[in-house]
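The values are calculated or read from the model by the stated rules, or taken from the named source; none is laboratory data. Nothing here was measured: the structure is a model prediction, and the numbers come from that model. Using ideal geometry, Cβ is built from the backbone for each residue, glycine included, and neighbour counts are taken over all protein chains shown.
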Amino acid sequence: MSDLLGRLRERGWRMTAQRRVVAEVLDGDHVHLTADEVLARATARLPEVSRATVYNTLGELVALGEVVEVTTDGRAKRYDPNAHRPHQHLVCSGCGKIRDVHPEGDPLAALPASERFGYSVSAAEVTYRGLCPDCAAAGAA
């Protein structure tokens with residue numbers, strides 16, 4: 001579980017009803033929603049939440065480092081609340097579903113010194129691609 005709400009409480013983040021519902025929608029494992037999906041789920045819970053509030057709250061959560069923006073294949077930005085545990089993403093090439101994965105080993109170690117070209121490498125982003133079970137089954141049908 002991402003425990004986004006707990007982290008925000010610890011930071012003393014001002015929790016209005018609108019901001020709280022956005023955080024609640026994002027909280028969880030394997031959550032990678034677009035801003036429009038966050039808006040739809042938030043308004044289902046709290047109809048008076050506005051588009052501007054959702055977008056502003058997402059921007060603030062990203063700026064705080066509590067949510068990470070994820071973009072794959074030019075699709076809409078998605079928001080990942082799993083900001084504090086290192087992980088990579090597994091993306092379905094068919095439907096775009098994203099899952100968090102935690103492979104063993106250090107992805108930085110996979111880049112040999114001869115391929116670093118003098119860079120001081122501090123992070124690596126690895127994205128695994130394939131078909132989810134639903135898309136694979138639809139293709140076989």
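Observations
- Residues of segment 1-16 that are buried (at least 17 other Cβ atoms within 10 Å of the Cβ) and in a helix (DSSP H, G or I): Leu4, Leu5, Arg7, Leu8.
- Test result for Arg19, on the phi < 0 side of the Ramachandran plot, part of a helix (DSSP H, G or I), out of contact with any strand residue (DSSP E or B) (no Cβ under 7 Å at 6 or more places or on another chain) and buried (at least 19 other Cβ atoms within 10 Å of the Cβ): yes
- Within segment 80-126, being farther than 18 Å from Thr34 by Cα and of a type in the set (Val, Ile, Thr) holds for Val101, Val121, Val126.
- Of the residues making up segment 46-59, those that are of a type outside the set (Ser, Thr, Tyr) and assigned to a helix (DSSP H, G or I) number 6.
- The number of residues in segment 86-114 that are in contact with a strand residue (DSSP E or B) (Cβ under 8 Å, 6 or more places away or on another chain) and without any contact (Cβ under 8 Å) to a residue 24 or more places away in the chain comes to 4.
- Selection of first residues in segment 36-63 that are farther than 13 Å from Ala23 by Cα and of second residues that are part of a helix (DSSP H, G or I), restricted to Cβ pairs under 7 Å at least 6 apart or on distinct chains, gives the following pairs, ordered by first then second residue: Arg51/Leu39.
- Count of segment 65-113 residues which are in contact with a Lys or Arg (Cβ under 7 Å, 6 or more places away or on another chain), in a loop (DSSP other than H, G, I, E, B), surrounded by 12 or more Cβ atoms within 10 Å (Cβ to Cβ) and not assigned by TED's automatic domain parsing to the domain that holds Leu131: 1
- Filter result for Val62 (among the β-branched types (Val, Ile, Thr), surrounded by fewer than 20 Cβ atoms within 10 Å (Cβ to Cβ) and either assigned to a loop (DSSP other than H, G, I, E, B) or touching a strand residue (DSSP E or B) at 6+ places or on another chain (Cβ under 8 Å) (or both)): yes
- Residue pairs whose Cβ atoms lie under 8 Å apart, separated by 6 or more positions or on different chains, with the first residue in segment 115-141 and part of a loop (DSSP other than H, G, I, E, B) and the second surrounded by 12 or more Cβ atoms within 10 Å (Cβ to Cβ) and polar (S, T, N, Q), are Glu125/Gln88; Val126/Gln88; Leu131/Ser93.
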